[in-house]
1. Please work out whether region 115-173 counts as rounded, prolate or oblate from its C-alpha gyration tensor, where a ≥ b ≥ c are the square roots of the eigenvalues and a/c under 1.5 means rounded, while otherwise a/b larger than b/c means prolate and anything else oblate?
2. Find out how many positive minus negative residues lie around Leu121, taking Lys and Arg as positive, Asp and Glu as negative, among other residues whose Cβ is under 11 Å from that of Leu121.
3. Quick query: amide H of Ala289 versus all other amide H atoms, modeled in the peptide plane; which residues come in under 5 Å with a sequence gap of 5 or more or a different chain?
4. Within 10 Å, count the other beta carbons around each residue, average over each peptide in 696-707, 196-207, and list them highest first.
5. In whole Hz, with x marking every Gly and Pro, tabulate ³J(HN,Hα) for region 233-250 from phi via Karplus 6.51 cos²θ - 1.76 cosθ + 1.60, θ = phi - 60°.
6. Report, by chain and number, residues whose modeled amide H sits under 5 Å from the one on Val53, excluding near sequence neighbours (fewer than 5 apart, same chain).
7. Ranking request for peptides 119-132, 452-465, 154-167: highest mean number of other beta-carbon atoms within 10 Å first, then the rest in descending order.
8. Tell me, what ³J(HN,Hα) does each residue in region 185-199 have, in order and in whole Hz, if you take phi through Karplus 6.51 cos²θ - 1.76 cosθ + 1.60 with θ = phi - 60° and put x for Gly and Pro?
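The values are calculated or read from the model by the stated rules, or taken from the named source; none is laboratory data. Quick caveat: nothing in here was measured; it's all calculated off a predicted structure. All Cβ positions, even for glycine, are placed from backbone atoms using ideal geometry, and neighbour counts span all protein chains on display. Protein only, heavy atoms only, side chains kept; ligands, DNA and RNA dropped before computing areas. Shrake-Rupley method; radii C 1.70, N 1.55, O 1.52, S 1.80 Å.
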Amino acid sequence: MKARHLVGLGAVGVAALALVWYLALAPSTGAAVEPGPSELALTATQAGSGSWVRYVIALKNLGDVTFDGEVVLVNRSDVSAVPGATRVPLPRSVPSVLGPVGGAAIPAVAPDSAYQVHLNLPGRRETAVSIFAPPDYAVAEARDNRGRALASESVDHADAVPVAVLSGTAVAGSQLTEVTLGGSGLSVFSFDRPKTVPSDAAQLAGYATIVVDQFDTAALTRQQVQALRDFVGLGGNLVVVAGSSWRSTVVPLPGDLLPMLPTATTSGSLSAVAALNGRTVEARAPIAAGTLGPGARTVLSEAGHTLVAELDYGAGQVVELAFDPAAAPLVGTKTAIDAWTQAVGRGLIVIGGRPAATRTLVGPESLPLDLFPPSLDSPLPSPWLVGPLLLAYLIIVAPANYLLLRQRLRRPALVWISTPLIALLFASSFYTIGGALQGTLRDDEVQLFKVAPDGAVANFEYNQVLFPSRGNHRLELGGGSLLVPMTLQTYEDFAGTCDSCLIQLAGVQVGEEHVLPGREPVVTERGVAYGSVRIIGAAAVQHRPLGVVAHLSIASGVLQGTLVNTGPQALRDLAVYAFDGLAYDRVAVPDLPPGATVNLAAVPTSMGSGTGRGGKSAREQVIASAIALAALAQNPQPVLVGFTQLAPGKLLVDGKVPVRAGLAAFEQPLAIEHADGMLAQWSRVRLAGTTGNARDGYQDVYDIELPAGAGAFSLAYDPRSYKSVELYDWAAGAWRAIAGSPPSAGTAPSRVSVPIVAGSIQDRLVRVRVKEAKVTWGAGFFLPS
């Protein structure tokens, strides 16, 4: 063996030993050169339910070493609470019937969905992270920069209604923590200065109610006021407190958000407040006096003074207290807690026994994911291109290569070098040509718009991104959005129904899909394989001319009136959907070109009786019905659903704009101006007052809000739910017991009918007091449909 051979072998041996040392024995992986593990204490809570909820993750660094790592909120139920333990695999598996894909096996799990926030926390310090996300995230972890879990805890799902308080004092927030509604308390978040108030309604999406009390609203910016307006219009509940500070708290707010505009301060009795909660007590306090705004009504008064007024605005409601429970002389009294209970309870909608939900922003559950087709596979290259290239390769690499080296150059030994070079050249050309032909970054998008007054639109985008290249990717949707990783959710929805969908969603290796929240939130996708699909959703509030102006009424069972398209885009395949507590009704509406007006006069039909059309129209009708069902499940207010033009996209993948295709739908809650029937569809039940507990039962007061024009009717109730039913006599100002009549022919034997005469209706309100084992939120009342 020659000397150069020995030198070469020695160099190879040294390189091999260096590699082994680096991988197995390097001191950088040992504890001797590391500062030591952080001592961390982690807690995580989630308050409320709905499309978007607020998670608060508190992290304490109990040691002296700075924690530099990630706080991660994970969508899984398994917990590894031992520091240093490896992550627990997701319990979602691909059906075994798929088998392998080519030479790579389908992974056992889908991408890891999570929200991730980077923290640098010095020793002996603590901090809290707030994240808005859908309500199905169950584990919070603190991980070091290598991904090792140092602390892991289950998320505590608090059965509480999330309430935001805008107040310059801590009294209102402290009082609200004492409020209970049907066994559920309130989770209170305080904003004590104007600069802390969010200026985007999307950042208010995690609250069911916002309370404004003793707060300088004149210091709010135009964007902050607009955020409050959008919050209400899209379905939130706003409580405005007047009292003696009405000049700074109430007057600066927009007039169309105020049930009553105060003009003076007087003093009056608040005994009606305590009486509504079943207590007899005399209390007096300063009261703001003024005039009711258009469409507002007084829901509680005493000696001619309006104590509580309310106003419907879009899909939400504004409740105004003329007195201040957080000011003297009510501080420390039970009457103050009664007032907060009634104000917050009136604005909440509870359906099907579920907790009161936030409903400002549209969420993933509002779209029927299983009805939308998955992204198509990347097309195969044309055989007329592949065939000639393959033939050229075979000719060049074999006979042409051999003849050139042997006959012309007379260096046949070079064939051992030229052959692999030619193979590498053709492989690169195949890859380049294939990437150019197949590698189109695509986004199959579905948009859902929820329309509110003043041009506010809550938008949820469902993006199916087809990746033409493997590796890690970064997805951006601009500021003001709440992002949600949805690959895991869709992966489960498609399981067992679409083999190719699962292959696309899973890729060929387990990856991660993490949201990095912030002013400019992004989604990071790791371990993406060529041709795989990742799915994300984004919710935001924007302002654009979309929707209709509706003037509708019910006359003899006919829905009639006019609808005007106020936007610049055509609206098609429209229908009005309503729910009477048992069945869903539908009224088809003609298409509306931009600026067009349509006259409507139709009898509602059952949602199941379609037009019989096939193809695309039939599919879109099914999608529209599913969107309507999701909307009515959140709020029984009738809704207009239709389709419109796809809005410009904001999605960037690694800074590039993908090729877009998709579908855009919209929903708009509707109100009616006059009705002589169909009260079940167009009325609402509010919790006006409550007292009691789960052991002894509750005495609750419900207000049934009727449309204008409603006359005498029969109210049915379930005697198994309600005992000692009383009806409020507005003229006499007293309760009277009612004896229901036996069920009429054709009605369920579990219902008792009570006649409601004109004297029992005031300002379109019917007030009923019942005793019940649990707070049903009026689910046991049945109005005529």
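1. On the way: a/c = 2.70, a/b = 1.56, b/c = 1.73.
It is oblate, given that a/c is not under 1.5 and a/b is not larger than b/c.
2. Values: positive: Lys60, Arg124, Arg125; negative: Asp68, Glu126.
It works out to a net charge of +1.
3. Thr263, Ala264, Thr265, Thr266
4. Numbers: 696-707: 20.2, 196-207: 22.2.
The densest-packed peptide leads the list: 196-207, 696-707.
5. x, 8, x, x, 10, 10, 10, 10, 10, 8, x, 7, 9, 5, 5, 8, 8, 9
6. Long-range HN contacts for Val53: Ala133.
7. Working: 119-132: 14.6, 452-465: 22.9, 154-167: 21.0.
Per-residue mean Cβ counts within 10 Å order the peptides as 452-465, 154-167, 119-132.
8. Computed from phi, the couplings for region 185-199 are x, 10, 9, 9, 10, 9, 10, 9, 9, x, 5, 8, 6, x, 9 Hz.
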